[in-house]
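For reference, the structure is listed below as structure tokens.
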Amino acid sequence: MTRVLFVCVHNSARSQMAEAFLNTFGAGMFEAHSAGLQPGSLNPVVVEVMREEGIDISGNKTKSVFEMYDRAEQFDYVVTVCDESRAEACPTFPGGAKKLHWGFEDPSSLATVRSESERTGSRDDILARTREIRDAIRSKITHWIEGLKEGKDG
């Protein structure tokens with residue numbers, strides 16, 4: 001069984017979606033986990049859009065990547081799904097895990113003020129953009145699984 005850890009900043013959105021998709025589509029082949037550099041709380045919009053896919057993550061808890069590191073957990077892959085500068089803060093896990101970086105926009109940032117005069121869109125706009133991010137993550141996961149089956153690694 002291939003063990004994979006998905007890491008993002010708060011473990012509230014991107015890494016949670018990636019974990020859920022890999023455990024769903026790669027069942028029996030993968031054991032996926034997720035964690036954050038600064039764990040926050042689960043994003044309710046992400047829970048909602050994952051439920052639309054028939055995947056319930058509402059009971060998930062956010063976890064710290066550093067606690068996993070301290071427990072010396074071993075993974076075959078550590079995949080950062082945050083921006084590149086944050087990904088560099090991720091610790092190197094024991095056992096020679098292969099590090100991959102798949103940058104995705106943070107759905108949690110969609111509901112914040114971007115400047116004094118510009119606020120993000122309506123709830124429908126936030127849902128639509130979160131669905132796009134979800135779909136991009138799902139696509140990346142399904143292509144990665146197929147690639148690994150064909151002997152490709154990244």
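The values are calculated or read from the model by the stated rules, or taken from the named source; none is laboratory data. The structure displayed is predicted, hence computed values, not measured ones. Methodologically, a virtual Cβ is constructed for each residue, glycine included, from the backbone with ideal geometry; neighbour enumeration extends over all protein chains shown. Just the protein is used for accessible areas: all its heavy atoms, side chains included, with ligands, DNA and RNA removed. Shrake-Rupley method; radii C 1.70, N 1.55, O 1.52, S 1.80 Å.
Using the Cβ-Cβ distance between ALA136 and SER58 with R0 = 25 Å, the FRET efficiency computed as 1/(1 + (r/R0)^6) comes to roughly 0.70. Shape call for segment 25-77 from the C-alpha gyration tensor, a ≥ b ≥ c root eigenvalues: rounded (a/c under 1.5), prolate (a/b greater than b/c) or oblate? Oblate, since a/c reaches 1.5 and b/c is not below a/b. Residue order by solvent-accessible surface for ASP70, ASP106, ASP83 is ASP70, ASP83, ASP106, largest first, with ligands and nucleic acids left out and a 1.4 Å probe. Of all lysines in the structure, the ones whose alpha carbon falls short of 18 Å from that of LYS98, not counting any fewer than 8 places away in one chain, are LYS140, LYS149, LYS152.
Taking all protein chains as they are arranged and a probe of 1.4 Å, the heavy atoms of SER58 leave approximately 60 Å² accessible to solvent. The equivalent ellipsoid of segment 1-59 has semi-axes of 18, 16, 6 Å, largest first, where each one is the square root of 5 times an eigenvalue of the Cα gyration tensor. Among the protein heavy atoms, those of ARG71 account for about 140 Å² of accessible surface (1.4 Å probe, every chain in place).
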